[in-house]
Amino acid sequence: MAQTLHRLNPPTLPDAGALGYSQISVMEPGRLSFVSGQVAWRAGGEPAPDSLGEQARLVCANAKAALDAIGAAPQDIVIVRVYMTDLTPERIGEVMPHITAFFDGAKPSLTGVGVAALAGPDLQMEMEMTVRLPD
């Protein structure tokens, strides 16, 4: 199978690869899946954890479950958008280990967005993905 997703970190841009993601993802024609924002809610309806780190762990587990449902892997992710309340460098530092572990070395493009609120008052983080579906 020909590789249809290429990652770039040009030397004229900051080295995102060292941080676990890529500045640019180029996808050849193919089928795409747009995965809704995954949050720290559980299938059984239990409340979201209070800790941002635990929310990040659960968000990544839910994102992995979504990938599994469409037969994809982290290497198929084109771009991830992470929305966070109270976005600060410290809070980014708290969630990035969970995100890079979820990426499993794939280094997709990544955008972080600070927001005033998410869909529930207990939510601190949400992750949406655009994914290339494997052949």
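Where a number appears in this text, it was derived from the coordinates with a stated rule and is not lab data. Computed from a predicted structure; not experimentally measured. Note that each Cβ is placed from the backbone with ideal geometry, even for glycine, and that neighbours are counted across all protein chains shown.
The mean sequence separation of alpha-carbon pairs under 8 Å and at least six residues apart, normalised by the residue count of the chain, gives a relative contact order of 35 percent. The base-10 log of I(q)/I(0) for the chain, evaluated at q = 0.15, 0.20 Å⁻¹, reads -0.71, -1.19 [Debye formula, identical scatterers on Cα atoms, solvent excluded]. GNM, the chain, Cα, under 10 Å: largest mean-square fluctuation among P11, P49, P29? Most flexible of the set in this elastic network: P11. Relative to the dominant Cα principal axis of the chain, helix 52-69 is inclined by about 50°. Taking a Cβ cut-off of under 13 Å around Y83, the surrounding Lys, Arg, Asp and Glu residues balance to a net charge of -1, with basic ones at +1 and acidic ones at -1. If you take every residue apart from L58 with its C-beta less than 11 Å away from the C-beta of L58, what net charge results, scoring Lys and Arg +1 and Asp and Glu -1? With Lys, Arg at +1 and Asp, Glu at -1, the neighbours total +1.
Jot down the per residue volume, in cubic angstrom and as a whole number, of the convex hull over the alpha-carbon atoms of the stretch 22-87.
On the way: hull volume 7.2 nm³, N = 66.
Per residue, the Cα convex hull of the stretch 22-87 comes to 109 Å³.
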